[in-house]
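This report concerns only the one structure given below.
The values are calculated or read from the model by the stated rules, or taken from the named source; none is laboratory data. As the structure is a prediction and not an experimental result, all values here were calculated from the model. Methodologically, a virtual Cβ is constructed for each residue, glycine included, from the backbone with ideal geometry; neighbour enumeration extends over all protein chains shown. SASA here: full protein model, heavy atoms, side chains in, ligands and nucleic acids out. Shrake-Rupley method; radii C 1.70, N 1.55, O 1.52, S 1.80 Å.
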Amino acid sequence: MKLVAGLGNPGRKYDDTRHNVGFAVANELAKRHAQGTPKAAFKGDAIEATIAGQKTVLLWPMTFMNKSGASVVLARDFYKLTNQDVLIVCDDFNLALGKLRLRPKGSAGGQNGLDDVIRMLGTDEVPRLRFGIGPVPPQWEHADFVLGKFNKDEKPVLAEMIVRAADAVECWIRDGVQAGMTKYN
């Protein structure tokens, strides 16, 4: 069994913001593989799906980005999963728009939601798929940038990358992190 947590912020005001690409990837996976609608669970919304022949829980933490770890830990513990069976999908303003970076472990790299997940799990050994949303323009504050919406020119790249990121998650589930790194990084 696998757990895929797409990180973002709840509420309509955050819809379609750069910080919510994790939610968008989880939405794409749910559209492809789940039946019904997500239900409130684990301080978030969750739905079970079958992806690449494996039972998978898709999770949208509703704790706001900076407190995502509580939701992830509740779901992981409920299903008695190891950290290696959990994949965190989040934005990364240090990566150019359209770049994906799948890793088995590592630092949070300035991503506060991932930092909270690492803190709550007590280890940085948790797979993550970072979705490039950068670079941050020089005149912007990081927080304003990640909470901003994609511009008209970025939207076609965004749509394509959401599909590609969902494909990368499927590859991680089916073939493992190393195969996913080789194909999608």
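Worth a mention:
- Any hit, region 12-31, residues being in contact with a His (Cβ under 8 Å, 6 or more places away or on another chain) and either free of Cβ contacts under 8 Å to residues at least 24 places away in the same chain or not charged (D, E, K, R) (or both): no
- As a summary of the residue check, ALA168 satisfies the conditions (1) within 22 Å of ALA30 (Cα to Cα); (2) surrounded by fewer than 19 Cβ atoms within 10 Å (Cβ to Cβ); (3) modelled with pLDDT of 95 or more except for the one numbered (2).
- Failed condition for ARG103, given (1) within 20 Å of TRP60 (Cβ to Cβ); (2) in contact with a Leu (Cβ under 9 Å, 6 or more places away or on another chain); (3) of a type in the set (D, E, K, R): (1)
- Condition met for GLY148 (at pLDDT below 95 and either under 21 Å from GLU28 (Cβ atoms) or not hydroxyl-bearing (Ser, Thr, Tyr) (or both)): no
- Identity of the residue in region 75-92, farther than 21 Å from ASN185 by Cβ and in a helix (DSSP H, G or I), that ends up least open to solvent (accessible area, probe 1.4 Å): ALA75
- The test for being in a helix (DSSP H, G or I), open to solvent by less than 40 Å² (accessible area, probe 1.4 Å) and over 19 Å from ASP175 (Cβ atoms) holds for VAL72.
- Number of residues in region 21-36 that are modelled with pLDDT of 95 or more and open to solvent by 10 Å² or more (accessible area, probe 1.4 Å) equals 9.
- Top-ranked residue in region 93-149 [being free of Cβ contacts under 8 Å to residues at least 24 places away in the same chain and of a type in the set (A, V, I, L, M); ranked as surrounded by the most Cβ atoms within 10 Å (Cβ to Cβ)]: ALA108
- For region 1-18, a residue qualifies if it is open to solvent by 20 Å² or more (accessible area, probe 1.4 Å) and either of a type in the set (S, T, N, Q) or touching a helix residue (DSSP H, G or I) at 6+ places or on another chain (Cβ under 6 Å) (or both), and the qualifying residues are LYS2, TYR14.
- Subset tally (residues that are without any contact (Cβ under 8 Å) to a residue 24 or more places away in the chain and in a strand (DSSP E or B)) for region 32-48: 5
- The residue of region 132-158 that is nearest to ARG76 (Cα to Cα), among those that are touching a Lys or Arg at 6+ places or on another chain (Cβ under 8 Å) and part of a strand (DSSP E or B), is GLY132.
- Region 49-66: number of residues that are open to solvent by less than 30 Å² (accessible area, probe 1.4 Å), touching a residue at least 60 places away in the same chain (Cβ under 8 Å) and among the aliphatic types (A, V, I, L, M): 1
- Flag if LYS2 is modelled with pLDDT of 95 or more, farther than 19 Å from LYS149 by Cα and over 15 Å from the mean Cα position of the chain (by Cα): no
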